[in-house]
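See below for the structure under consideration.
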Amino acid sequence: HNPGEAETAAGYVDILQIPAFLCRQTDLLAAAGVTGKWVNIKKGQFLSGASMKFAVEKVRETGNNNIMLTDRGNMYGYQDLVVDFRNIPVMRQIGVPVIMDITHSLQQPNQEAGISGGKPEMIETIGKAAISVGADGIFIETHPDPAIAKSDGANMLKLSGMDDLLKKLVAIRKTINSF
């Protein structure tokens, strides 16, 4: 979260991730770009896909073209996220790979109980739709028992369901690529 930490983290990781709520922070994007590592910029829930071109430009200005964008939905009211699948092809036009964060996009933040909720029963639907409109990859949080996960359990995929989901998404990708 601090530009000064990008260089330190780059010594230990393959990809630096810019959180959605910091995706417009020029100094953080530039610091990540200077490392030469892949930079995964999560689209803020308050932004359109088209507006992400500015974040990409800030990293490219450092000479780093190892950039990907991750969509995680848009805020809908105060307690729900929705996915506008138009953002995937729009962001692909920027010329970088686009990843769909399937599980975070199903998060329901700011619930009255004080913890985030989620809609894990929609994971397969969001994944299939994202692949069908051209997502280059997916991000999924998983756990053997989401009910006891330390965070984001309400929107996680149970680990035992991962193999089946990935087979379905790969089959969709193969079908799309055959056209």
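The values are calculated or read from the model by the stated rules, or taken from the named source; none is laboratory data. Bear in mind the structure is a predicted one, so any value in this text is a computation, not a measurement. Here the Cβ is made from the backbone with ideal geometry for all residues, glycine too, and neighbour counts use every protein chain on show. Protein only, heavy atoms only, side chains kept; ligands, DNA and RNA dropped before computing areas. Shrake-Rupley method; radii C 1.70, N 1.55, O 1.52, S 1.80 Å.
Key figures
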read-out: Matching option when the condition is open to solvent by 10 Å² or more (accessible area, probe 1.4 Å), under 25 Å from Gly127 (Cα atoms), at pLDDT below 95 and not hydrophobic (A, V, I, L, M, F, W, C), among Gly95, Gly77, Gly73; value: Gly77
read-out: Matching residues in the stretch 79-105 - criterion: being hydroxyl-bearing (Ser, Thr, Tyr) and either in a loop (DSSP other than H, G, I, E, B) or touching a residue at least 60 places away in the same chain (Cβ under 8 Å) (or both); value: Thr103
read-out: All positions within the stretch 32-46 that are open to solvent by 30 Å² or more (accessible area, probe 1.4 Å) and assigned to a loop (DSSP other than H, G, I, E, B); value: Thr35, Gly36, Lys37, Gln45, Phe46
read-out: In the stretch 10-21, the residues that are in a helix (DSSP H, G or I) and buried (at least 16 other Cβ atoms within 10 Å of the Cβ); value: Ala10, Ala20
read-out: Given (1) open to solvent by 80 Å² or more (accessible area, probe 1.4 Å); (2) in contact (Cβ under 8 Å) with a residue 12 or more places away in the chain, number of the condition Ser116 does not satisfy; value: (1)
read-out: Candidate set: the stretch 137-163, residues that are surrounded by 15 or more Cβ atoms within 10 Å (Cβ to Cβ) and acidic (Asp, Glu); chosen: the one nearest to Gln107 (Cα to Cα); value: Asp152
read-out: When residues of the stretch 50-76 are limited to those that are hydrophobic (A, V, I, L, M, F, W, C) and not in a strand (DSSP E or B), the one farthest from Ala30 (Cα to Cα); value: Ala50
